[in-house]
Amino acid sequence: MSYQVLARKWRPRSFREMVGQTHVLKALINALDSQRLHHAYLFTGTRGVGKTTIARIIAKCLNCETGISSTPCGTCSVCREIDEGRFVDLIEVDAASRTKVEDTRELLDNVQYSPTRGRFKVYLIDEVHMLSTSSFNALLKTLEEPPPHVKFLLATTDPQKLPVTVLSRCLQFSLKNMPPERVVEHLSHVLSAENVPFEDDALWLLGRAADGSMRDAMSLTDQAIAFGEGKVLAADVRAMLGTLDHGQVYGVLHALIEGDARALIEAVRHLAEQGPDWNGVLAEMLNVLHRVAIAQALPDAVDNGQGDRERVLQLAQALPAEDVQFYYQMGLIGRRDLPLAPEPRGGFEMVLLRMLAFRPAGADDAPRVTLKPLGISQATADSRTNPVAGTAMPAPVVSAPAPAAAPVAPAPAMPVAAEPAAVAPDTSVVPAVSEAAPVADVPVADAPVAVVDTPEAAASLPP
């Protein structure tokens, strides 16, 4: 007997065998049990989440010989023929290969005829968004008012490409991506039933690599079984997927935390020996930092999916929360700029060195480096230095120039103002001061200046 892949062998044949998608299953089960059946259903979602599987189960529920219900018997001739893909009243159409309007017209010419064996004639159109505009227009009228014995089940991965006229004629169900926890749970059940030895860490690697698709997870599991000679081990799965050992990622993070540039470059050198995808290395670092941030906010929420929960908790205690956020943001920016680097490894090293150079200075474990003098002149650094001569000015003149000039006596009582001709020739000593100009605006000369603040002092000046 030929081997049947796990994705086909373990395809659900009833609603109770479905994994996830409870928000869709609840609506369909209640509608079938209460006989509130719509004539057109639209299922959307990414690849491998159960769109076609749900459509086939609905066809089985509608045509089961025991009656319309959400629990088909699975043993009658109709249920067996649907499972085997040879039921005459279930017309499966691949819209990607039949995009022309002539194909749609040929399909709709047989809608008016009653079903041959079943209760309903079910049209399952997969990847319906691939139909042409003319095909959609030809389908609209029949899709809106089909004969009572016809049901339309549409499936697509790109609902944005469907005309609104089609969307308004269907009941829409959006299927969600499978979380890694649900994928790992299902893989554990399948491998236990298949008597295949496995490691939990390997299943978590497969669950994350599936990226929300249960079919991809089953296909990767088939590949892992073949790669591991009948076993699913973490080391084999990691080698098969080309993922990094998390120990090396933690080595980079520890060198970064300690502020050791030499250890940081050495860790990068060890990574380079494996020829990794440097963008993927940054992604792994961001995943670890994300889990560290979760551990700092809620330690109980950290999963042990990769067997490193204790390491994550230790990093959460060693790193300040602001450092975690800083490193995460720098990593995100580094992933964006990495394609612009002349060499991927050099770009990755620059991201790490940037993290090391701009880490928060207030951290307790930040490296203490004595800064070199920046060459700033004393005239700029010290406000008490004379900007012209480079000598220190007397403190009373500069520290409070305006308040000292406030109690100056009125100008008529001053001999300088009374006899301007006697003072005007000697402008190098005391410049002429008008009544409107304040004392603070008088420019400072290079030579020492005598401060005139009382009438007696003004009278003592030489003519």
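The values are calculated or read from the model by the stated rules, or taken from the named source; none is laboratory data. All values derive from a computational prediction rather than experimental measurement. Note: ideal-geometry Cβ built from the backbone for every residue, glycine included; neighbour counts use all protein chains shown.
Residues that are surrounded by 13 or more Cβ atoms within 10 Å (Cβ to Cβ) and under 25 Å from ASP277 (Cα atoms) within the range 296-322 comprise GLY305, GLN306, GLY307, ASP308, ARG309, ARG311, VAL312, LEU315, listed in sequence order.
Identify, please: which residue in the range 344-377 is basic (Lys, Arg) and under 27 Å from the mean Cα position of the chain (by Cα) and is, among those, modelled with the lowest pLDDT?
Taking the range 344-377 and keeping what is basic (Lys, Arg), we get 345, 354, 359, 368, 372.
In the following step, the residues that additionally are under 27 Å from the mean Cα position of the chain (by Cα) were identified as 345, 354, 359.
Working: ARG345: 92, ARG354: 91, ARG359: 80.
So the residue we want is ARG359.
Taking residues in the range 256-280 that are in contact (Cβ under 8 Å) with a residue 60 or more places away in the chain, and partners anywhere that are of a type in the set (Asp, Glu), the pairs with Cβ atoms closer than 9 Å and at least 6 places apart or on different chains are ILE257/ASP323; ILE257/ASP365; GLU258/ASP365; GLY259/ASP365; LEU264/GLU258; LEU264/GLU349; ILE265/GLU349; VAL268/GLU349. Taking the criterion of being loosely packed, with under 14 Cβ neighbours inside 10 Å, modelled with pLDDT of 85 or more and hydrophobic (A, V, I, L, M, F, W, C), would at least one residue in the range 246-264 satisfy it? Looking through the range 246-264, none of the residues is loosely packed, with under 14 Cβ neighbours inside 10 Å, modelled with pLDDT of 85 or more and hydrophobic (A, V, I, L, M, F, W, C). Going through (1) modelled with pLDDT under 85; (2) closer than 22 Å to THR66 by Cα; (3) among the β-branched types (Val, Ile, Thr) one by one, VAL88 falls short only on (1).
Of the residues LYS231, LYS141, the single one that is among the basic types (Lys, Arg), over 24 Å from VAL24 (Cβ atoms) and not assigned by TED's automatic domain parsing to the domain that holds ARG105 is LYS231.
The residue that is surrounded by the most Cβ atoms within 10 Å (Cβ to Cβ), counting only those in the range 323-343 that are within 21 Å of the chain's Cα centre (by Cα) and among the small types (Gly, Ala, Ser), is GLY334.
One residue stands out in the range 161-181 among those that are at pLDDT 90 or above and among the charged types (D, E, K, R): the one that is farthest from GLY45 (Cα to Cα), namely ARG169.
Residues considered: PHE120, PHE152, PHE136. Of these, the only one that is more than 23 Å from ALA27 (Cα to Cα), touching a residue at least 12 places away in the same chain (Cβ under 8 Å), among the aromatic types (Phe, Trp, Tyr) and in contact with a helix residue (DSSP H, G or I) (Cβ under 7 Å, 6 or more places away or on another chain) is PHE136. When SER114, SER135, SER188, SER192 are checked against the criterion of being part of a helix (DSSP H, G or I) and over 35 Å from the mean Cα position of the chain (by Cα), SER135 stands alone in meeting it. Kindly indicate which of VAL122, VAL111 is surrounded by 20 or more Cβ atoms within 10 Å (Cβ to Cβ) and in the same structural domain as PRO159 (by TED's automatic domain parsing). Exactly one residue qualifies, and that residue is VAL122.
Counting only helices (runs of 4 or more DSSP H) that fall entirely inside the range 220-322 and contain at least 1 residues that are more than 26 Å from the chain's Cα centre (by Cα), the qualifying elements are 234-241, 246-258, 261-272.
Within the set ASN63, ASN30, the sole residue that is out of contact with any strand residue (DSSP E or B) (no Cβ under 7 Å at 6 or more places or on another chain) and surrounded by fewer than 17 Cβ atoms within 10 Å (Cβ to Cβ) turns out to be ASN30.
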